[in-house]
1. Within the range 67-104, restricting attention to residues that are touching a helix residue (DSSP H, G or I) at 6+ places or on another chain (Cβ under 8 Å) and among the polar types (S, T, N, Q), which residue is surrounded by the fewest Cβ atoms within 10 Å (Cβ to Cβ)?
2. Return only the number of the condition from (1) at positive phi; (2) open to solvent by less than 30 Å² (accessible area, probe 1.4 Å) that Leu64 does not satisfy.
3. Does Leu134 qualify as being closer than 30 Å to Leu26 by Cβ and of a type in the set (A, V, I, L, M, F, W, C)?
4. Which members of the range 109-136 meet the condition of being more than 14 Å from the chain's Cα centre (by Cα), open to solvent by 10 Å² or more (accessible area, probe 1.4 Å), more than 15 Å from Thr34 (Cα to Cα) and of a type outside the set (S, T, N, Q)?
5. What about Val91, is it closer than 14 Å to Glu178 by Cα and β-branched (Val, Ile, Thr)?
6. So, in the range 31-61, how many residues would count as being open to solvent by less than 60 Å² (accessible area, probe 1.4 Å), in a helix (DSSP H, G or I) and farther than 26 Å from Arg130 by Cβ?
Amino acid sequence: MAPRHIPQLSPGSDRQKELLAELEALFFANGFRTITVDEIAAQLKCSKRTLYEIAPSKQELFILVIQSWLERIRHLGWQGALQHADPEQRVMAYLEPGVIESRAASRQFLADLQSYRPALAMLEAHQTQRTNVLMEIIEDGIRRGRFKPFHSALVAEIFLAAVNRINEPSMLERTGVEFSQAFDELYRVLTTGLFLNQGD
């Protein structure tokens, strides 16, 4: 069942923002299905009432963490891309936060995310938004002669499909790589296959 409501933190609530960061670290390490609200409160050294002031259930606390995490990746990626005029640097700056901000995610966290439909829907929407922006950056690089003339939508869809696979714990288990390493490798494959070499 989807959460009824996604609560928003008050801009001036420093304590809630601090708790949200601690919740993210806790969920990244343990997922959310096996940990109880009592255990969360004990780990964060706060009362259950304080947690319920942020969100009315454990599931909605998880959704709030997912929302904050994904929004941060998009914001940092776009902010990074805007700092560069060169398309190659823009691609790197845009993709990097997705790697850096996901390094702490455990396989249990990813498994719980994949198995909880509301969270998975948020991830899918996030990936679509990221792919659309990536496509625009690629098209700009192609127009300016910096990238090979691949079909930008195809490159973006391949990236999205690869991200979807990396988010599957079973794939990580089979390949024997960690989440962050997999993203690093994808980043290298995408960029070295995309950028125009001097001899081309």
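The values are calculated or read from the model by the stated rules, or taken from the named source; none is laboratory data. Keep in mind the model is a prediction, meaning the values are calculated, not measured. Every residue, glycine as well, gets a Cβ built from its backbone with ideal geometry; the counts of neighbours run over all protein chains shown. Ligands, DNA and RNA are stripped out before the accessible areas are found, and what is left, the full protein with its side chains, is counted by its heavy atoms. Shrake-Rupley method; radii C 1.70, N 1.55, O 1.52, S 1.80 Å.
1. Here the residue is Gln83.
2. Among (1) at positive phi; (2) open to solvent by less than 30 Å² (accessible area, probe 1.4 Å), the lone unmet condition for Leu64 is (1).
3. Considered against the rule, which asks whether it is closer than 30 Å to Leu26 by Cβ and of a type in the set (A, V, I, L, M, F, W, C), Leu134 comes out as no.
4. Arg117, Pro118, Val133, Met135, Glu136
5. no
6. Matching residues across the range 31-61 total 8.
A quick yes/no check of all residues on (1) over 29 Å from His84 (Cα atoms); (2) not acidic (Asp, Glu):
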site: Glu101; (1), (2): no, no
site: Ala105; (1), (2): no, yes
site: Pro118; (1), (2): yes, yes
site: His126; (1), (2): no, yes
site: Glu136; (1), (2): no, no
site: Phe159; (1), (2): no, yes
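Yes/no matrix, rows are residues, columns are (1) of a type in the set (Gly, Ala, Ser); (2) modelled with pLDDT of 90 or more:
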position: Ala2; (1), (2): yes, no
position: Asp14; (1), (2): no, no
position: Glu24; (1), (2): no, yes
position: Phe27; (1), (2): no, yes
position: Thr34; (1), (2): no, yes
position: Ala42; (1), (2): yes, yes
position: Lys45; (1), (2): no, yes
position: Leu64; (1), (2): no, yes
